[in-house]
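Student: Shown below is the structure under consideration.
The values are calculated or read from the model by the stated rules, or taken from the named source; none is laboratory data. Computed from a predicted structure; not experimentally measured. Glycine gets a Cβ as well: all are built from the backbone with ideal geometry, and neighbour counts include every protein chain shown.
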Amino acid sequence: MRTPVTRKKLQDHFSYSWWKYGLLILVAWMGWNILYSVTAYRPPEEKKVILGVYSYASSANAEAYMAEVQRVHMPDMERVAPMYILPDESYGEMILLTRVAANECDIYILPTAQFQSWADKGACQALDEVAPGAVAELEAAGVTLTRGYRTSEGTQEKHLYGIPCRDLPGADHLLGTNADDMYICVFHKTGNDENVLKFLGILVHDLLNEPPATPTDLAQ
């Protein structure tokens with residue numbers, strides 16, 4: 001014989017078992033997010049340029065700027081956008097490592113410690129070799145690049161692996177934060193070097209502008 005369900009029994013049940021339903025909701029939410037991440041469409045490497053920024057700052061200016069760069073200069077790309085990575089004390093480095101391992105970003109803007117670590121490990125391209133035009137424009141504008149030179153532990157060669165943002169007038173505005181301690185670097189295995197380096201040239205040109213670059217103040 002079944003025991004009838006009463007209001008009191010339901011109240012007692014939810015009083016002692018509420019956490020089970022909370023856990024069920026959490027698991028369902030995580031499952032949905034994982035499913036979405038796995039099945040969501042991702043543009044092929046040769047059709048995207050992603051700027052990874054290791055910062056807590058707002059991405060609004062960078063999103064508007066890169067959308068305009070795509071519209072004006074890279075209409076054949078499916079995605080030209082920033083990806084802000086939060087430098088959380090507990091998980092920031094792990095998330096950054098995950099992004100790098102998955103080749104999610106092509107160009108990174110990193111604080112000094114992270115830039116030096118990745119550059120020393122040989123993760124960054126030598127900008128003096130792959131982007132001589134951008135480097136020449138920076139030098140002509142009087143930007144000091146000395147801090148961006150590092151010696152790779154693997155090759156023992158010294159190259160310009162990062163562009164210091166300190167002397168780029170438009171950097172703070174574009175990134176939404178004080179960028180004095182940040183460096184622009186291009187990682188290996190972008191899968192789209194031609195367009196990534198093209199974007200780097202546009203970015204460098206616009207960040208040299210004073211007042212800071214806006215989505216309507218683009219390199220022509």
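Student: Which count do you get for residues in the stretch 67-85 that are surrounded by 14 or more Cβ atoms within 10 Å (Cβ to Cβ) and free of Cβ contacts under 8 Å to residues at least 24 places away in the same chain?
Tutor: So the answer is 1.
Student: Also, I was wondering about something else. Checking the structure you have, find out if any residue of the stretch 131-145 is of a type in the set (Val, Ile, Thr), in a helix (DSSP H, G or I) and surrounded by 12 or more Cβ atoms within 10 Å (Cβ to Cβ). Spell out how you get there, then give the answer.
Tutor: So in the stretch 131-145, the residues of a type in the set (Val, Ile, Thr) come out as 135, 143-144.
Checking which are in a helix (DSSP H, G or I) leaves us with 135.
Now restrict to residues that are surrounded by 12 or more Cβ atoms within 10 Å (Cβ to Cβ): 135.
Yes: one or more hits.
A quick yes/no check of all residues on (1) in a loop (DSSP other than H, G, I, E, B); (2) outside the structural domain of residue 162 (by TED's automatic domain parsing); (3) under 16 Å from residue 204 (Cβ atoms); (4) touching a Lys or Arg at 6+ places or on another chain (Cβ under 6 Å):
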{"site": "71", "(1), (2), (3), (4)": "no, no, no, no"}
{"site": "80", "(1), (2), (3), (4)": "no, no, yes, no"}
{"site": "89", "(1), (2), (3), (4)": "yes, no, no, no"}
{"site": "93", "(1), (2), (3), (4)": "no, no, no, no"}
{"site": "97", "(1), (2), (3), (4)": "no, no, no, no"}
{"site": "100", "(1), (2), (3), (4)": "no, no, no, no"}
